[in-house]
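A quick write-up on the structure given underneath.
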Amino acid sequence: MRQDDYTAQVALVLPESGTVAWDSPSNIALVKYWGKKPVQLPANASISFTLKNCYTATKLSFSKAEKRSVKVFVNGKEQSSFLKKIEIFFKRIEDYCPYVKNYAFKIETENTFPHSSGIASSASGFSALALCVLSIERKAAELSDDDFYKKASFLSRLGSGSACRSVYGPMGVWGEHANYEGSSNDFAIAYDDIHEVFKNYQDTILLVDKGEKKVSSTLGHDLMNDHPFAVNRFEEARNHMIDLQKILKDGNILDFNRLVEKEALTLHAMMMTSDPYFMLFKPNTLNIIHKVWEKRESEGIPFTITLDAGANVHLLYPAEYKQVALDFIKNDLIAYCQNEQYICDEVGNGPLLKMEHYA
Ligand code: DP6
């Protein structure tokens, strides 16, 4: 797909009105995206597991209008606080989807994970919205499935970088990398050259701190621009993408654990060594990490942890250890979770179209 190919033809005869709904999942990166250039281009390639149970359900109703208007409802209540981010998204995609200038939109959205659980809803939220918008275009234009998902990923990226990987299951790769054929900085590609064990890998998210993040991801990314370790970090991420490719294919869980934890800790090390520095770990983040390491050491159970830009801990393990993990969480980890909350999730297959109606 060339840059021009992202742009809808002006002559399209688009529906007058209608409603489209998509469920789109969250994702958890194994090799992290941290650092970007304008507009929303990653400093290094990243790869993630697409999740199954944590998703955003978005319904987009639209009717032709002189100029764009947007109303947003979250869990049935009008929420004007999201309008600013959504307007930035619409502005950014106008060049590629000019028709978004001439609709009155009503966005109704819900997350399956608790509101302010500290789980970023931007990946699932923006990918769900991008899929809804592009469905309108698909009604009028010839778009193959491949091109539909590619452009949906491209548009999602303009909302939030990590969102572009949510468009595909079981894994998404975003960012140009010589070892990943077809990879691009503009959009993510699906990745499934993985061992059976990873196809239903478990991710139990231990909710350590459900509060608003003190430092936004956007600011964190920006701080990588003058970061003293940035060049080495980007080089390391590139190498991790190479190592992980083989690990995922072979199903080597011990190597998987080492690489994934190194990535998670490096991400937070970058935050702690930015100028200004900041720390998203909470004491219970560390308590959980140490408990997991002790358990792994003493009983040889291949648990591993990863983190996103927050205090919550993602506990990753093969499906055969599901019961062991639940017992371990209830006995040893729940005390460190805010209100004893955790979310059981696993690798999923990507977004689902729920409704399409045009007039
Ligand atoms: C640590 O995608 O939330 O989760 O592009 O500014 O919206 P923006 O950032 P965002 O950053 C995610 C960072 C991360 C790592 C990752 O998901 O790769």
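The values are calculated or read from the model by the stated rules, or taken from the named source; none is laboratory data. All values reported here derive from a predicted model rather than from experimental measurement. Heads up, the Cβs are rebuilt from the backbone with ideal geometry, glycines too, and the neighbour counts pull from every protein chain shown. Just so you know, the surface numbers come from the protein's heavy atoms only, side chains and all, with ligands and any DNA or RNA stripped out. Shrake-Rupley method; radii C 1.70, N 1.55, O 1.52, S 1.80 Å.
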Share of carbon and sulfur in the accessible heavy-atom surface of the chain [1.4 Å probe, %]
49 percent
Which value in nm describes the separation of the simple spin-label points at E297 and K85, placed 7 Å from the Cα toward the beta carbon?
3.9 nm
Accessible area in square angstrom per residue, the chain, 1.4 angstrom probe:
45 Å²
Per DSSP H run of at least 4 residues, take -39500 (n - 2.57); add these up for the chain, divide by its residues and hand me the 222 nm value, nearest 500 deg cm²/dmol.
-11000 deg cm²/dmol
Principal axis dimensions, the stretch 261-359 - Cα atoms, whole angstrom, descending:
58, 42, 27
For the chain the mean separation of alpha carbon contacts under 8 Å (6+ apart) over residue count, i.e. relative contact order in percent, is 25 percent
Between helix 122-140 and the chain, what is the angle of the helix's C-alpha long axis to the longest principal axis, kept within 0 to 90° and rounded to the nearest 10?
30 degrees
Just tell me the longest site-free run in the chain, where the sites are trypsin sites (Lys or Arg not before Pro) in a DSSP loop having at most 13 other beta-carbon atoms within 10 Å.
68-213
Of all DSSP beta bridges in the chain, antiparallel share, percent nearest 5:
90 percent
Between the Cα axis of helix 230-250 and the main Cα principal axis of the chain, the angle (0 to 90°, nearest 10) is 80 degrees
Magnitude of the Cβ-charge dipole (Lys and Arg +1, Asp and Glu -1) of the chain about the Cα centre, nearest 20 debye, reported as 1020 debye
Give the total of Lys-Lys pairs in the stretch 245-337 with Cα-Cα distances below 23 Å; include a pair only if its members are 8 or more places apart or on different chains.
14
Roughly how many Å² of V208 are accessible to a 1.4 Å probe, to the nearest 10?
10 Å²
Of A128, V313, I93, farthest towards positive along the dipole that unit charges on Lys, Arg, Asp, Glu beta carbons give the chain
I93
